[in-house]
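Visitor: Structure below; questions to follow.
Any read-out appearing in this document is the output of simple, stated calculations on the displayed coordinates, not a laboratory observation. Keep in mind that what you see is a predicted model, and the values were worked out from it rather than measured. Positions of Cβ are backbone-derived with ideal geometry, glycine not excepted, and every protein chain shown enters the neighbour counts.
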Amino acid sequence: MKTLKLFAVVAILALIGQAFVAAPTSAQSNVIKIASHSPLSGGQSLLGTAIRNGTELAILQLGSQVTDLGFTLEFVPFDDQATPDVGVANAQNIVNDAAILAVIGHLNSGVALPASEVYNRSDLVMVSPANTNVNITDRGYPTVNRLCGRDDAQGAAGAGYAVEELKIETAFVLHDKTAYGEGVATFFAAALEEAGVEVLGFEGTTETANFDAVITPILAQAPDLVYFGGIYNQAAVFFRQAREKGLESAFMGPDGMDGSDLAQIGGEAVVGLVYTSAAGPASLYPAAAQFVEDYRAQFGIAPEAYAAEAYAATQIVINALVNAITENGGALPTRAQVAAAVRATEDFETVIGTISFDDNGDPKVATYYILQVASADPEKWGENPLIGSVQAPSPLTAKEMMGN
Amino acid sequence: MTAVPNIASSTQRSPLEALGNWLLQYILRPVLQILLFVFIAGGSISLLALVVGFVLQTDWHGIDILRVPARINLFEQVVRQLPNMLLDGITIGFVYAVIALGYTMVYGVLKFINFAHSEIFMVGGVVGYEVMIRLRAADMLSSLSPLVVIVLMIGVAMVICGTLATVVERVAYKPLRGAPRLVPLISAIGVSFFLTDFVRGFQALNRNVFNMPYPTDQVTFFNERIVLAQGVSTTNTTLIIIVSAIVMLVGLNYFVNATKIGKGIRAVSQDQATASLMGINVNLMITITFMVGGALGGAAGVLYGLKTTNVTPYIGFIPGLKAFTAAVLGGIGNITGAMLGGLLLGMLEAFFSALLPYFPALGLGYSDIFAFAVLILVLLFRPTGLLGKKVDEKV
Amino acid sequence: MATNALFQNGAPQSQPNWREALPTLFALGYVAIVYFLLHSIDRSMLLFPLWSSILFPMFVISPFIILGLKIDGRLKVLLIAIIGLVLMPILGLEDTFYLELITQIAIFAAMAIGLNVVVGFAGLLDLGYVAFFAVGAYLWGVFTSNANTIVQISGAQAAPELFWLFLFLGVIAAAITGILLGLPVLRLRGDYLAIVTLGFGEIIRILVSNLSNISSNRRTPINITNGAQGLPGIVGPPLPDFLVEGVANLTAALGIPATNVRALTYQLFYYVLVLGVCAIAALVAARLDNSPIGRAWTAIREDEVAAQAMGIPKVRMKLLAFAMGASFAGAMGVIFAAKNTFVSPESFSFIQSIFILAIVIVGGMGSIRGVILGAVIVTLLNLQVLKNFSLLINSLKNIDWVIPIINFPIRDWPQQLEPARYERFVFGLLLIIMMIFRPSGVLPAKRRQLELQAAMGKEEIPEAEIIADVETIKPEDLLGNQPKEQS
């Protein structure tokens, strides 16, 4: 009996083998895939999904530029679960699929750093919509680029506004203990202290719901300004509870505040909040307003933070693909060619503004827009008035300028 | 809550006297006990805060990490924020206590950690949101009395979560009765993964939302400020949380100690085999335990949602972990212990969060470390928790 | 039952001679066919995700099938060595995803073996096991990262050559941490122990994410772990040039286009390294289990009071269990940091501890072969099978596939329910199903299985039989003949 069973297993295996080794491969050699790689499950899936959706929308709308050249363009979403192990395993899966020529991701710098090592080994280009950590580009890899600003530049931009326009004397700085929130808050606090503002406290909290205990000591010190380095779905809850407990300080935050859900969750408490953003506001860029409309039509929701950046990243990648294909005489380009084409992006008009990359993959000059929440109505998020803007050259560009 | 009704003597008394006796036994005494716990937890923490504030306000030159910035008078700050700190601690403490009851009851009868309880709690929060949104859609949110709204939210959440907990028990735990204790633990973790993503998918399809902010601004009652003293104020929501938590705790006390089913549950938690020999339907008792625990978890979810104003499919994990810690702190399997543990843990959290920001070398981030350190210390001296019974040694 | 038959050791007593060669033939045939098929599928095929996630797990479990067959011990070792050291590396060079998968499997397997010592052997439920992993990872990370931490400023940065020393130090540091955790919790039992270990795990994670400044003056921070930013730029040990050249020659000989040979060499190196550590861990654990120490652990697990009465030094035994279990995780932590070149507190969350515990339970608590198989199953499920399922649906969507019979165009599947977003959901469901149908794990320890059957009333087993069975368990039953041959 037993031997029979054993041989049955072998026989079935052999049959399966017959079935598919003989079968023709269905996919053609001219398929190009663009992958999105962000957390699609778990507590951070909200923003991860925004990255995925932004990428898909861009491929749906602009894919014809590539398909017109005789290629098939496909979109592949990956879930990194916001975990480095999973991100690295996925990255290996991605680099081994020769059809994938670009990756849009990640959300977490903790995942992006090890995963981009894998991409870089295979010359696969990554354009990050959300990783603000300075180490991402400071390694100088030819394949790693980002659209969002750097923590150091953004923190300084916000602090400049707080000192000059809000004329604050004391501030309390909070962050969410992620690489992003802690990074931007650190640079914000440092810039404030340099300008002579007293930083009453610099605290990190992983709390997402009940901020009572966090608010009490802030209330006791009554700072002029409370800065929250983090993402709106945590920050809005904090701001709302802080107002309810009677905190009257001004509120401020980085580009993680840029999402209509801030108003949805925070309500009246966030009206008047000032935030910095690297993405051009809809009021300045007609393309941005169009994007919001299209996104809503496609997915039934307003774009969350990083959706526009992911869309812009995909715009750049598609443009680079077209350039690389043309340069390659209409043939399928190699990954290295695509990476070089992405890096060569110069004054390219995207949905969040004009982008040029420096040799490290940072935007040459990042413009930080300073906006203020005008209404508690999430529908009116796009109408938030622009109250200032700061031009921040990337470290490499700044060095060049100094050299000249 | 060791209320033992004296049936023999109560039969001879007049109905009024019996009612009085009943009130004393099942309402007054437990309420007083809860207040006593609040007093003990609050008092000891206040004392601790004042002592720490006093001792550490002088510059400790030897120890850098204990240094407070020169501009701050620590003692003064502690005194100033003491009332708020106590209020924070009591509010969250009651929420922890209600969740902890779910863990402790299940542990009592089945001796396993029901990791899925935190997701039942989360479902409660989501149900509360759904009820509120539906009321708003029907234009009833502002016209109905706030009390009716609250009762409706909590009631629906209790029914749905009670049922859900029962279904989970039937599907995922019942087939594992008698297996090693870690097996249902893994199954519970599976249920936990399943439920969070199920709720996320359901709400994505249903309303295409992830964040579920409670429309509390539509009901002015919730946001009315109660000023307790200069600089110390709270909203009606806090009051609602404390009152409903006390009502539920008292109700549970009555249910467990005075009803026949409660007696059955206690019997099953003491000795399943003997209980079944005595004619108690063990399976039914376990189902009821899950139902009651789930209902309490659901109600706690609504209260938490009202308090924090935003609910997501992932809110369950951290309060669940804290409540479980509270249950162990009080002595797992012990209902009174869960209450005391919840209140104490809430207080401890408020205490550390209130003091740590004044030490630049430490900071808020360490508050959980201290909370766990206190837990470990308590267990060092009382290995079965504050009110836990000594475990019988197997011979 | 079919799989059961494969894993069972006993075969009919008297058979003709030619029949004894059958299992060997089967093993050879199985490995050859699976390897050939795996080798011949390629990523341009539409159904690649499906075939790959059927065939690769089949390939990975082939050593377990071989161990379960009635084959000569030396042949078993030879076959497994060929699979592990020849076939797998070649496959991995062709598709580095497989190499990454098998490396992660081995990392988790070694940790699961360590946790198995604590939970399975000594019966101490540990919910914060990942803390020891963090200790190892941060030990190497802090001393080699290029982040601007106190070590860099003071110039105490370790040279990459010290990797081997630190691998050893990682073991020691984790073992000491294990003892430090063990000391205060000796009196605790069951779920009190569980919550304290959970708290301990959280304490370590919170510590590493907060130790970015321990100075009271914020302008002159004293940075140790770089906090939430994590430690970037961690290095691995330097590889001798001949290894790199060897891999270059190998890829050239096999006709594999290799863009970055050094990186590929590192990947292979880490694979061999984790496989080695994993083998040592399995060997040590198997020897311990069958030694007086292992029997003392069993005694403590079954009845602490009786064990003490029999003169078993409870304190020392429990501490030894914590230290042993922790040390494997510490070694893996050092390797993990070097392999990923980056560590941050995100990698050491409570969920990771639960994940490792799930491996132990799914595989079969107390059984070393079982927990390794558990690592294979859980890791592959999470990293390959579920992901590939999402990829398959995605590519079917891209070719506008219509499900036959019910006539449902897959393109109409709502975007909110995209499979890539519900991998945890399916994982949870599978955990429940697995627990219901195989509560003792896939490859349970014999003793546990008997206990379980007795407890759940599925089979009446006379007491004498249990004792007899326990007494006849030999290391061979746990690990095949492998350890004996290697030592």
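Visitor: How would you order C:299-311, B:70-82 from highest to lowest mean count of nearby Cβ atoms within 10 Å? Don't skip to the answer; put the middle values down first.
Guide: Values: C:299-311: 14.8, B:70-82: 16.5.
Highest-to-lowest ranking by the protection proxy: B:70-82, C:299-311.
Visitor: Right, something else. Under the √(5λ) rule applied to the eigenvalues of the Cα gyration tensor, what semi-axes describe the equivalent ellipsoid of chain A? Give them in Å, descending. Walk me through the intermediate numbers first.
Guide: Details: eigenvalues 341, 125, 76 Å².
Values for chain A, descending: 41, 25, 20 Å.
Visitor: Can you tell me which of B:Ala267, B:Ala229, B:Ala373 moves the most in a GNM of chain B? Springs connect C-alpha atoms under 10 Å apart.
Guide: Looking only at B:Ala267, B:Ala229, B:Ala373, the biggest GNM fluctuation is shown by B:Ala229.
Visitor: How long are the semi-axes of the equivalent ellipsoid of region B:103-260, taking √(5λ) for every eigenvalue λ of the Cα gyration tensor, in whole Å from largest down? Display every interim value, and only then the final one.
Guide: Working: eigenvalues 213, 94, 41 Å².
Working from the Cα gyration tensor, I get semi-axes of 33, 22, 14 Å.
Visitor: Anything over 30 Å Cα to Cα? Flag those among C:Lys314/C:Lys446; B:Lys111/B:Lys322; A:Lys380/B:Lys307; C:Lys70/C:Lys314; B:Lys322/C:Lys318, in the order listed.
Guide: On the way: C:Lys314/C:Lys446 25 Å; B:Lys111/B:Lys322 19 Å; A:Lys380/B:Lys307 26 Å; C:Lys70/C:Lys314 40 Å; B:Lys322/C:Lys318 27 Å.
Beyond 30 Å between Cα atoms: C:Lys70/C:Lys314.
Visitor: Just for the protein assembly as shown, what percent of DSSP beta bridges are antiparallel, to the closest 5?
Guide: Antiparallel: roughly 40 percent of the beta bridges in the protein assembly as shown.
Visitor: Counting partner chain Cβ atoms within 10 Å of every residue's Cβ in B:377-387, what's the average?
Guide: Values: counts 1, 0, 9, 6, 1, 2, 8, 5, 2, 0, 0.
The mean count of partner-chain Cβ atoms within 10 Å per residue comes to 3.
Visitor: Go ahead and set up a Gaussian network model of chain A, Cα springs under 10 Å, then flag whichever of A:Thr314, A:Thr205, A:Thr367 fluctuates most.
Guide: A:Thr205
Visitor: In whole angstrom, how far apart do the alpha carbon centroids of region C:384-448 and region A:225-296 sit?
Guide: Between the Cα centre of region C:384-448 and that of region A:225-296, the gap is 37 Å.
Visitor: Test of understanding: extend the Cα→C-beta vector of B:Phe202 to 7 Å, then name every residue of region B:175-191 with backbone N under 12 Å from that spot.
Guide: From region B:175-191, the list is empty.
Visitor: In debye, nearest 20: dipole of region C:95-362 around its Cα centre with unit charges on the Cβ of K, R (+) and D, E (-)? Don't jump to the answer; show the numbers that get you there.
Guide: Numbers: 13 positive and 13 negative charges, 134 e Å.
So the magnitude is around 640 debye.
Visitor: Let me ask something additional. How large are Rg and Dmax for chain C when only the alpha carbon atoms are used, in Å?
Guide: Computed over the Cα atoms of chain C, radius of gyration and Dmax are 24.0, 83 Å.
Visitor: Please state the Cα pair-distance histogram of the protein assembly as shown with 20 angstrom bins from zero: what percent is in each bin?
Guide: Here the calculated profile for the protein assembly as shown is 10, 40, 38, 12, 1, 0.
Visitor: Mind pulling the per residue volume of the convex hull built on the Cα atoms of region B:43-151? Å³ is fine.
Guide: Details: hull volume 23.7 nm³, N = 109.
Here the figure is 217 Å³ per residue.
Visitor: Mind checking which aspartates and glutamates have their Cα closer than 18 Å to the Cα of B:Lys263? Skip sequence neighbours fewer than 8 apart in that chain.
Guide: Counting by Cα, and skipping residues close in sequence, B:Lys263 has these aspartates and glutamates nearby: B:Asp271.
Visitor: Related question: Provide a whole-number value for the mean count of partner chain Cβ atoms within 10 Å of the Cβ atoms in peptide C:377-384. Don't skip to the end; give the middle numbers.
Guide: On the way: counts 0, 0, 2, 0, 0, 5, 8, 2.
Partner-chain Cβ atoms within 10 Å, mean over residues of C:377-384: 2.
Visitor: Taking beta carbons within 10 Å but only from partner chains, what does the mean come to for residues B:202-214?
Guide: Numbers: counts 1, 1, 10, 3, 1, 2, 6, 5, 10, 11, 2, 10, 1.
That works out to 5 on average.
Visitor: Using mean Cβ contacts within 10 Å as the protection proxy, how do C:370-382, C:230-242 order, highest first? Before the final figure, lay out the partial values.
Guide: Details: C:370-382: 25.8, C:230-242: 17.5.
Ranked by mean Cβ neighbours within 10 Å, highest first: C:370-382, C:230-242.
Visitor: Using +1 at the Cβ of each Lys and Arg and -1 at the Cβ of each Asp and Glu in region C:95-362, identify which of C:Ala194, C:Gly236, C:Ser215 lies farthest towards the dipole's positive end.
Guide: Looking along the dipole axis, the top candidate is C:Ser215.
Visitor: Next question. Using the Kirkwood radius over C-alpha pairs as Rh, can you work out the diffusion coefficient of region B:7-381 via Stokes-Einstein at 20 °C, viscosity 1.002 mPa s, in µm² per second? Walk me through the intermediate numbers first.
Guide: Working: Rh = 22.2 Å.
For the chosen part, D equals 97 µm²/s.
Visitor: Would you kindly derive the ³J(HN,Hα) couplings of region C:426-439 from the backbone phi angles with the Karplus curve 6.51 cos²θ - 1.76 cosθ + 1.60 (θ = phi - 60°), listing them in order in whole Hz, with x for Gly and Pro?
Guide: Once θ is set to phi - 60°, the couplings for region C:426-439 become 5, 4, x, 4, 5, 4, 4, 4, 4, 5, 5, 8, 9, x Hz.
Visitor: While we're looking at this one, here's another question. With springs only between Cα atoms under 10 Å apart, run a GNM on chain A and tell me which of A:Ala339, A:Ala179, A:Ala307 wobbles the most.
Guide: Highest fluctuation among the options: A:Ala179.
Visitor: Mind giving me the nanometre distance, one decimal, between the label points for B:Val243 and B:Arg29, set 7 Å out from Cα along Cα→Cβ?
Guide: 2.6 nm
Visitor: In whole angstrom, and with the biggest value first, how far do the Cα coordinates of region A:80-198 range along each principal axis?
Guide: 56, 24, 18
Visitor: As an exercise, find the ratio Rg/Rh for region C:95-362 from alpha-carbon atoms, using the Kirkwood inverse-distance average for Rh.
Guide: Values: Rg = 20.0 Å, Rh = 19.6 Å.
Dividing the radius of gyration by the Kirkwood radius yields 1.02.
Visitor: Evaluate the distance, in nm, between pseudo-label points positioned 7 Å from the Cα of C:Ile256 and of C:Trp401 along their respective Cα→Cβ axes.
Guide: Modelled inter-label distance: 2.8 nm.
Visitor: If you don't mind, there's one more thing I want to ask. What aspartates and glutamates sit close enough to C:Lys397 to cross-link, taking a C-alpha to C-alpha distance under 19 Å and skipping anything fewer than 8 places away on the same chain?
Guide: A:Glu56, A:Glu74, A:Asp79, A:Asp97, C:Asp412, C:Glu418, C:Glu423
Visitor: Mind grabbing the base-10 log of I(q)/I(0) for region A:142-246 at q = 0.20 Å⁻¹? Debye formula, identical points on the C-alpha positions, no solvent, two decimal places.
Guide: -1.03
Visitor: So, with +1 on the Cβ of K and R and -1 on the Cβ of D and E, and no other charges, what is the size of the charge dipole of region B:7-381 about its Cα centre, to the nearest 20 debye? Could you put the intermediate results ahead of the total?
Guide: Details: 20 positive and 15 negative charges, 155 e Å.
Roughly 740 debye, rounded to the nearest 20.
Visitor: Return the whole-Å distance between the Cα centroid of region C:147-201 and the Cα centroid of region B:240-280.
Guide: Here the answer is 44 Å between Cα centres.
Visitor: When the dipole is taken about the Cα centre of the protein assembly as shown, and only Lys, Arg (+1) and Asp, Glu (-1) are charged at their Cβ, what size is it in debye, to the nearest 20? Walk me through the intermediate numbers first.
Guide: Values: 74 positive and 93 negative charges, 871 e Å.
Here the size comes out at about 4180 debye.
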